[in-house]
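The values are calculated or read from the model by the stated rules, or taken from the named source; none is laboratory data. Note that the structure is predicted; figures quoted are calculated from it, not measured. Here the Cβ is made from the backbone with ideal geometry for all residues, glycine too, and neighbour counts use every protein chain on show. Just the protein is used for accessible areas: all its heavy atoms, side chains included, with ligands, DNA and RNA removed. Shrake-Rupley method; radii C 1.70, N 1.55, O 1.52, S 1.80 Å.
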There are 2 protein chains.
Amino acid sequence: MKSTATFYHAGCPVCVTAERQLTTALDPARFEVEVVHLGQARHRLAEAERAGVKSVPALVLGGTVLHINHGADVAALR
Amino acid sequence: MKSTATFYHAGCPVCVTAERQLTTALDPARFEVEVVHLGQARHRLAEAERAGVKSVPALVLGGTVLHINHGADVAALR
């Protein structure tokens with residue numbers, strides 16, 4: 001069964017390359033990647049925070065939050 | 001042909017889970033993952049810095065540096 005890997009971002013232009021690189025590098029046989037733009041999908045901010053996301057871009061992978069580089073604090077998106 | 005994905009770390013205990021999770025999540029058909037412990041392999045510090053690594057853990061993927069969470073600054077490992 002595939003796991004879901006959720007990539008949260010906020011459109012941060014300097015991070016787009018990094019984001020694409022990472023989400024496309026994951027094993028497609030094992031992960032279903034969902035990309036969530038928290039600037040547009042603001043109703044998912046609470047879910048991201050519950051998962052432990054403090055800043056974007058971040059990848060939530062099997063319950064572990066990986067904060068990648070630093071675009072913006074989630075608190076600043078509210 | 002496989003690309004090399006290099007994961008630099010410094011043994012940071014809090015990051016071990018995150019590191020394992022990310023390196024094993026990469027597509028094995030496309031990436032050869034090399035894990036480098038910069039605390040032990042100090043002769044590779046210069047190479048990591050040239051690649052743009054500022055802090056560990058970091059993953060260098062196709063020329064892009066992804067700084068993941070924050071364990072230690074590379075400068076502090078010298």
So the A/B interface buries, both sides summed and with a 1.4 Å probe, an accessible area in Å² (nearest 100) of 1500
Shortest first and in nm, the label-point separations between B:E49 and its counterparts in the other identical copies (7 Å out along Cα→Cβ) come to 4.1
For the axis mapping B onto A, the chain B residue whose beta carbon sits nearest, plus its rounded distance in angstrom, comes out as B:D27, 2
Excluding ligands, DNA and RNA, the carbon-plus-sulfur percentage of the accessible area of region B:3-77 with a 1.4 Å probe reads 53
In whole µm²/s, the translational diffusion coefficient that Stokes-Einstein assigns to chain B, given a Kirkwood hydrodynamic radius over C-alpha pairs, 20 °C and 1.002 mPa s, equals 173
Quick calc: nm separation of the 7 Å Cα→Cβ label points for B:R44 and A:D73 -> 3.5
Listed by chain and number, the aspartates and glutamates with an alpha carbon less than 20 angstrom from that of A:K54, same-chain partners under 8 positions apart left out, are A:E19, A:E34, A:D73, B:E19, B:D73
Those residues in region B:1-42 that give up at least 50 Å² of accessible surface, probe 1.4 Å, once the partner protein chains are present instead of the chain by itself are B:Q21, B:L22, B:A25
Compactness summary of the protein assembly as shown: radius of gyration and Dmax from Cα atoms, Å, are 15.2, 48
HN-Hα couplings for region B:34-47 via Karplus (6.51, -1.76, 1.60; θ = phi - 60°), in whole Hz with x for Gly/Pro, come out as 10, 10, 10, 8, 6, x, 8, 9, 5, 5, 9, 4, 4, 4
With every protein chain kept in place and a 1.4 Å probe, the protein assembly as shown has an accessible area per residue in Å² of 51
Any trypsin sites (Lys or Arg not before Pro) in region B:1-43 that lie in a DSSP loop and have at most 16 other Cβ atoms within 10 Å would be B:K2, B:R30
Output row for B:V16: copy-to-copy label distances, label 7 Å along Cα→C-beta, ascending, in nanometres, one decimal, is 4.0
